[in-house]
């Protein structure tokens with residue numbers, strides 16, 4: 001069964017900590033995405049990557065960075081966690097090419113910053 | 001810019017009722033794709049349907065049906081004879097026709113089906 005796996009389901013971190021959220025997909029997809037989900041705001045794109053070592057800013061990249069050293073792995077980094085980054089974080093992947101195929105999502109990481 | 005509006009924040013129904021979730025989109029592209037996803041309490045978003053802008057045929061899958069109308073820029077989702085297991089947050093999404101496959105999501109509609 002093809003999957004997108006997020007390493008943690010729940011995380012609690014302290015303000016100022018550096019936080020790594022990991023995402024791995026086994027579908028050989030070129031594109032990977034990080035979204036955050038907040039009540040009333042839906043899903044907002046933080047960063048995406050269309051190839052190894054390539055990254056593009058989404059709609060809300062401030063306070064975040066990403067790393068994609070291997071095709072199957074896409075990491076989201078909170079350089080100095082703040083309480084307003086408490087949220088559900090969703091990773092997704094999709095193949096590239098003509099048309100649009102939608103995403104396969106991971107099960108999410110609920111991050112609480114205290 | 002692309003935008004998806006789901007005006008219904010939350011809908012509550014009783015089991016066996018029919019319910020329609022509304023989705024209105026904005027795009028300047030002539031080729032685009034529309035999606036619906038379901039997010040049950042477990043959190044993982046599950047793909048339900050994809051529709052491209054050249055295919056306005058309505059689609060039915062079991063108790064689920066979708067009505068795509070380009071004239072009103074709407075892509076509405078109807079659940080017939082709702083069940084408790086349909087309780088979830090439902091997201092409508094729009095994609096441009098590029099290799100990057102970026103999706104723009106609506107804010108979601110929470111559906112609560114009571115027994």
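Return the whole-Å distance between the Cα centroid of the range B:24-62 and the Cα centroid of the range A:63-114.
Centre-to-centre (Cα) distance: 21 Å.
Taking each residue in A:38-45, count the Cβ atoms of any other chain within 10 Å of its Cβ, then average. What number comes out?
The per-residue average across the peptide is 5.
Which of B:27, B:72, B:80 moves the most in a Gaussian network model of chain B with Cα springs under 10 Å?
Taking springs between Cα atoms under 10 Å, the residue moving most is B:72.
If you build the convex hull over the alpha carbons only and average its shadow over all orientations, what do you get for chain A? Give it in nm² to one decimal.
One quarter of the hull surface, i.e. the mean projection, equals 6.9 nm².
So what are the protein assembly as shown's ellipsoid semi-axes, whole angstrom, largest first, if each one is the square root of 5 times an eigenvalue of the alpha-carbon gyration tensor?
29, 21, 15
Taking a temperature of 4 °C and a viscosity of 1.567 mPa s, what whole-number D in µm²/s does Stokes-Einstein yield for chain B with Rh from Kirkwood over alpha carbon pairs?
The estimated diffusion coefficient comes to 90 µm²/s.
Remind me, relative contact order of the range B:1-67 in percent, using alpha carbon pairs under 8 angstrom and six or more residues apart?
Relative contact order here is 23 percent.
Only counting other Cβ atoms within 10 Å, I'd like B:90, A:50 sorted with the fewest neighbours first.
A:50, B:90
Per residue of A:80-89, count partner chain C-beta atoms within 10 Å of its C-beta, then hand back the mean as an integer.
Per residue, the number of nearby Cβ atoms from other chains is 0 on average.
Could you line up B:113, B:13 from fewest to most neighbouring Cβ atoms inside 10 Å?
B:13, B:113
In the protein assembly as shown, what percentage of the DSSP-assigned beta bridges are antiparallel, given to the nearest 5?
If we restrict to bridges inside the protein assembly as shown, about 90 percent are antiparallel.
Could you line up A:74, B:105, B:75, B:47 from fewest to most neighbouring Cβ atoms inside 10 Å?
B:47, B:105, B:75, A:74
Where a number appears in this text, it was derived from the coordinates with a stated rule and is not lab data. The structure presented is a predicted model; accordingly, all values stated were derived computationally and were not measured. Ideal geometry is used to build each Cβ from the backbone, glycine not excepted, and the neighbour counts take in all protein chains shown.
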